[in-house]
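Okay, so here's the structure we're looking at.
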Amino acid sequence: MSAARALACAIAVATCGCVLLVDSAPSDQFSTTCSIANADTTCGACLAQTCSNALDACCANADCAAHLSDVDSCAGGDCSALEQDSASAFRPMVDCALDSCASACSFTLPTTTTCTPSQSPALCSCDIPQGPAGNTTACHPTAAGICCASAGWPQTTTTCACDLVGCTSSADSCTCGYALPTTTTTCTGLYCCKLSDGTCTCSDAAYVCDGATMVDSCSAADVTCDERETRVPRCSAD
């Protein structure tokens, strides 16, 4: 998306609340109301078609629209900015790209890894071997999981792990996070907060939000990587 279009989109949202700019391209080309640059590439087509809902929602949100240049760059072959973008309003677009377009787009993937399967707290974890030898153990996210890597991945001394995500409730709180027994799909309460470690919790006690970002509710879809980490399509080299 051009800078002028992103600015116009942001201005429209800011002044009218829910006004979308409708793309002039034929309606059967893409199912989005918001166009992106480089949509004729394999990656661009995937982002525009498969992530159309996330893209439309992003165009309708000024905070998210300010980051759409990352989508343009990724569609053009450089997904580094999109992968590293941690803006909360932009996360649904990033998550869709990683979940649905990993094979079509040029995300940063390791070439050699040493991975170990596990059941707790992670499904599997990996590091980058110092020498040329690694192993062929796969470490991919499941349908109910995400993979998070430390800063600088995939360089030596960095790590990556894939976890299941779910929500579990107790007598006084409900939490959506990693490696939790899933007892519910959504958490609600008087106070719901997104924590810096990527988890989300709800309670009737206000203290749960100390130093955290308040949200309306929590679900497994709200679980993200720790703010010091980056979400990746997979951890293993294969």
**Prompt:** Counting only residues that are part of a loop (DSSP other than H, G, I, E, B), of a type in the set (K, R) and touching a strand residue (DSSP E or B) at 6+ places or on another chain (Cβ under 7 Å), how many does the stretch 210-238 have?
**Reply:** 1
**Item:** strands (runs of 3 or more DSSP E) completely within the stretch 109-209 that count 1 or more residues being of a type in the set (F, W, Y)
**Value:** 173-178, 191-194
**Asked** Just to be sure, is A161 crowded, with 16+ Cβ neighbours inside 10 Å and of a type outside the set (D, E, K, R)?
**Response** yes
**Request:** State whether one or more residues within the stretch 164-184 are surrounded by fewer than 23 Cβ atoms within 10 Å (Cβ to Cβ), touching an Asp or Glu at 6+ places or on another chain (Cβ under 6 Å) and of a type in the set (S, T, N, Q).
**Result:** no
**Asked** Would you call S150 in contact with a Ser or Thr (Cβ under 6 Å, 6 or more places away or on another chain), within 27 Å of G134 (Cβ to Cβ), touching a residue at least 40 places away in the same chain (Cβ under 8 Å) and surrounded by fewer than 20 Cβ atoms within 10 Å (Cβ to Cβ)?
**Response** yes
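Every residue, every condition in (1) part of a helix (DSSP H, G or I); (2) free of Cβ contacts under 8 Å to residues at least 60 places away in the same chain; (3) under 14 Å from A104 (Cβ atoms), yes or no:
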| residue | (1), (2), (3) |
| --- | --- |
| C43 | yes, no, yes |
| Q49 | yes, yes, yes |
| A54 | yes, yes, no |
| C58 | yes, yes, no |
| D63 | yes, yes, no |
| H67 | no, yes, no |
| D70 | yes, yes, no |
| S73 | yes, yes, no |
| E83 | yes, no, no |
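Every number in this text was worked out from the coordinates using simple rules, so none of it is lab data. If you're wondering where the values come from, they're calculated on a predicted model, not measured in any experiment. Quick reminder, even Gly has a Cβ in these numbers, built from the backbone with ideal geometry, and neighbours come from all protein chains shown.
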